[in-house]
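No value in this document is a laboratory result; all are computed from the given coordinates. Computed from a prediction, not measured in an experiment: that's the story for all the values here. Cβ placement follows ideal geometry from the backbone for every residue including glycine, while neighbour counts extend to all protein chains displayed.
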Amino acid sequence: MEECLVYRDDDLLVINKPAGLLSVPGKGDALFDSVLSRLQAIEAKTLLVHRLDRDTSGLLVFALNRPAQSHISRQFQDRQTKKLYQAIVEGQPVDQGQVDIPVCYDPQNPPLHIADPDYSKSALTYFRVLDQFQIKDRLVSRVALTPITGRSHQLRVHMQYIDHPIIGDTLYATPVGQSLSDRLCLHATELSFIHPVTGQTLKFVCPPPF
């Protein structure tokens, strides 16, 4: 994982996670390979703080001691961190807007999640169009996505909900949208949080590879 290292000090490290790699081990030996297992093979004391979907790339922070893990995890729980993603979506959304609808697990169709207005936990995403262009003669848009909440598959479900799913998404895109990219075009581009020891605000930026 050395080639993916963005930042490291005595308390934490930040990784540019590649697409297609789990953040943490799944169930069974076949799903053991992950960012966390690779980091722990190098530094045994590496601890999980948050995670990204397997097919999402971008910035991911890990702690190197329990106090740091607790401090940064609390920032995520209390929505004190700032996260920004970029995605390429099908079609042409309005210039900017928000999607405010709960997202929950779909027990009838695992591992899918669905937008459900009756679900008790809210989910809110702001979006802004950055650029528009064509891929294989299909109009697509590059968007900045700011999740206020952190539900599983939130950005992917919210973009599908407004009929502009993320291209390359094998779960939520249309067949045409899936054919436009060989990967999910979703990347965690910016991450800001307070250092657990110094109290300084750390901001990391990692441009998308697409």
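Express as a percent, rounded to the nearest 5, the fraction of DSSP beta bridges in the chain (both residues included) that run antiparallel. List each step's numbers first, then the result.
Values: 47 of 50 bridges.
Taking every DSSP beta bridge within the chain, about 95 percent pair in antiparallel fashion.
When the trypsin sites (Lys or Arg not before Pro) in segment 23-72 are filtered for DSSP coil states and for at most 13 other beta-carbon atoms within 10 Å of their beta-carbon, the remaining sites are Lys27, Lys45. Relative to its Kirkwood radius, the Cα radius of gyration of segment 83-186 gives an Rg/Rh of 0.96. The calculated FRET efficiency for the pair Glu43 and Gln92, based on their C-beta separation and a Förster distance of 41 Å, comes to about 0.35.
Just add up the charged neighbours of Leu52: K/R +1, D/E -1, any other residue whose Cβ is under 11 Å from the Cβ of Leu52. Here the count lands on +2.
In summary, the chain shows an alpha-carbon radius of gyration equal to 1.03 times the 2.2 N^0.38 Å reference for compact globular proteins.
Applying a DSSP loop filter and a limit of 11 other Cβ atoms within 10 Å to the trypsin sites (Lys or Arg not before Pro) in segment 123-181 leaves Lys136. If R0 equals 35 Å, the separation of the Cβ atoms of Gln80 and Arg138 corresponds to a calculated FRET efficiency of about 0.35.
Extension gain for Thr170-Ser70 works out to 32.6 nm (0.36 nm per residue, less the C-alpha to C-alpha distance).
Between the helical axis of 66-77 and the dominant principal axis of the chain, each derived from Cα atoms, what acute angle in degrees is found, rounded to the nearest 10? Helix 66-77 sits roughly 20 degrees off the main axis of the chain.
Where does the charge balance sit around Leu191 when Lys and Arg score +1, Asp and Glu -1, over other residues with C-beta under 9 Å from its C-beta? Don't jump to the answer; show the numbers that get you there.
On the way: positive: Lys82, Lys83, Lys203; negative: Glu190.
Around Leu191, the surrounding residues sum to +2.
For His113, neighbours were defined as the other residues whose beta-carbon sits under 13 Å from its Cβ, and their charges (Lys and Arg +1, Asp and Glu -1) total -1.
In this structure the amide hydrogen of Asp116, modeled in the peptide plane, comes within under 5 Å of the amide hydrogens of Val103, Cys104, none closer than 5 places in sequence on its chain.
Counting only lysines at least 8 places from Lys203 when in the same chain, those with an alpha carbon closer than 30 Å to its own are Lys17, Lys45, Lys82, Lys83, Lys121.
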